[in-house]
Amino acid sequence: PKLSPDDQEFLHQYMTLTKCDLYFADKAIMVEGTTERLLMPRLCDLVDKSLEDNKKLARQYVTCVEVGGAYAHIFFPLLDFLELKTLIVTDLDSVKPIEKEAKNGKKTTSWEKCPVAEGLRTSNAAIKDWFRPPDEKGGVSWQISPTELLGKSVAEKTSGCRRIAYQIPEDPNTASCARSYEDALVLANPDRFEWPGEQDEATEAWEIAKKLEKADTALRFAIREKDWKVPRYIEEGLVWL
């Protein structure tokens, strides 16, 4: 694979530290954080219920690798080299510009997290690398908006043996969309959470998600909650896998 020396060093250190089994798996799932990693066996189990026996993920050796949204794209050349069918589960990570006044009186612009409807771009490195035009590879200024991302087709989200999955509306007929796994879980399972009922659905889900303890939520839905709904973007990705 064509990798920079820094990326090669990262992969070497990562796979040494984690005893990564990408070389031995039938298929792979890459996730951003601990919540998704802890929940993935349960997510696969729920999706398996809708699949034919010969396609069930439980019958295959599927490894789940936690890589974070900032590092997943470093693995892309390696996955292509291994020809390993891989689902990359990541977050839409919408952000908007906020102007602040510095101590010297000059105004500076920073990009802060926000609901998808308010976002002007994504801060997710894996998503930007995936959709960046070939002639813009390596260009730090290239950006893509949440609106553009929501318009991407399944074919555009698929590259050889890889497919990327990020948040999409739970209802295809609405524009209400989550920006991260936690609020996607809320939108997919509204009956499992308390809703203030003061704002639009996506914003409320985002506010609810910010108050959730990630580890507790992962254990709650991995063990205690039964027959809940898998967020649509993950379900579609796992069915593809």
Which of the residues belonging to the range 216-241 are in contact (Cβ under 8 Å) with a residue 60 or more places away in the chain, outside any helix (DSSP H, G or I) and acidic (Asp, Glu)?
Asp227
Given the criterion open to solvent by 20 Å² or more (accessible area, probe 1.4 Å), in contact with a helix residue (DSSP H, G or I) (Cβ under 6 Å, 6 or more places away or on another chain) and among the charged types (D, E, K, R), identify the matching residue among Glu156, Glu170.
Glu170
What pairs come up if the first residue lies in the range 63-76 and is part of a helix (DSSP H, G or I), the second is of a type in the set (D, E, K, R), and their beta carbons are under 7 Å apart, counting only those six or more places apart or on different chains?
His73/Asp129; Ile74/Asp7; Phe76/Arg162
Pairs with Cβ under 6 Å, 6+ apart, first in the range 203-215 and aliphatic (A, V, I, L, M), second in a helix (DSSP H, G or I):
Ala205/Asp183; Ala205/Val186; Ala205/Leu187; Ile208/Val186; Ala209/Glu182; Ala209/Asp183; Ala209/Val186; Leu212/Glu182
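With respect to Leu92, is the statement that it is among the hydrophobic types (A, V, I, L, M, F, W, C), open to solvent by less than 80 Å² (accessible area, probe 1.4 Å), in a loop (DSSP other than H, G, I, E, B) and in contact with a Phe, Trp or Tyr (Cβ under 8 Å, 6 or more places away or on another chain) true? I'd like the intermediate steps shown before the answer.
Numbers: among the hydrophobic types (A, V, I, L, M, F, W, C): yes; open to solvent by less than 80 Å² (accessible area, probe 1.4 Å): yes; in a loop (DSSP other than H, G, I, E, B): yes; in contact with a Phe, Trp or Tyr (Cβ under 8 Å, 6 or more places away or on another chain): yes.
Here the answer is yes, as Leu92 does meet what is asked.
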Any pair with Cβ under 7 angstrom, 6 or more apart, that starts in the range 116-133 at a residue that is of a type in the set (Ser, Thr, Tyr) and ends at one that is open to solvent by 40 Å² or more (accessible area, probe 1.4 Å)
Ser123/Trp111
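Does Lys100 satisfy being touching a strand residue (DSSP E or B) at 6+ places or on another chain (Cβ under 6 Å), basic (Lys, Arg) and loosely packed, with under 13 Cβ neighbours inside 10 Å?
Values: touching a strand residue (DSSP E or B) at 6+ places or on another chain (Cβ under 6 Å): yes; basic (Lys, Arg): yes; loosely packed, with under 13 Cβ neighbours inside 10 Å: yes.
For Lys100, the condition - touching a strand residue (DSSP E or B) at 6+ places or on another chain (Cβ under 6 Å), basic (Lys, Arg) and loosely packed, with under 13 Cβ neighbours inside 10 Å - is met.
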If you check Ser50, Ser110, which single one turns out to be assigned to a loop (DSSP other than H, G, I, E, B) and hydroxyl-bearing (Ser, Thr, Tyr)?
Ser50
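Hey, among the residues in the range 212-237 that are within 23 Å of Pro146 (Cβ to Cβ) and of a type outside the set (A, V, I, L, M, F, W, C), which one's nearest to the chain's Cα centre (by Cα)? Break it down stepwise before answering.
Residues of the range 212-237 within 23 Å of Pro146 (Cβ to Cβ): 212, 214, 229-237.
Adding the requirement that they be of a type outside the set (A, V, I, L, M, F, W, C) leaves 214, 229, 231-233, 235-237.
Values: Lys214: 15, Lys229: 17, Pro231: 11, Arg232: 12, Tyr233: 9, Glu235: 12, Glu236: 13, Gly237: 11 Å.
Looking at the filtered set, the residue picked out is Tyr233.
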Just need a number here: residues in the range 53-62 that are outside any loop (DSSP other than H, G, I, E, B) and without any contact (Cβ under 8 Å) to a residue 12 or more places away in the chain.
4
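The values are calculated or read from the model by the stated rules, or taken from the named source; none is laboratory data. Since this is a predicted model, take the numbers as computed values, not measurements. Please note: Cβ atoms are built from the backbone with ideal geometry, for glycine as well, and neighbour counts cover all protein chains shown. Calculation scope for accessible area: heavy atoms of the full protein, side chains included, ligands and nucleic acids excluded. Shrake-Rupley method; radii C 1.70, N 1.55, O 1.52, S 1.80 Å.
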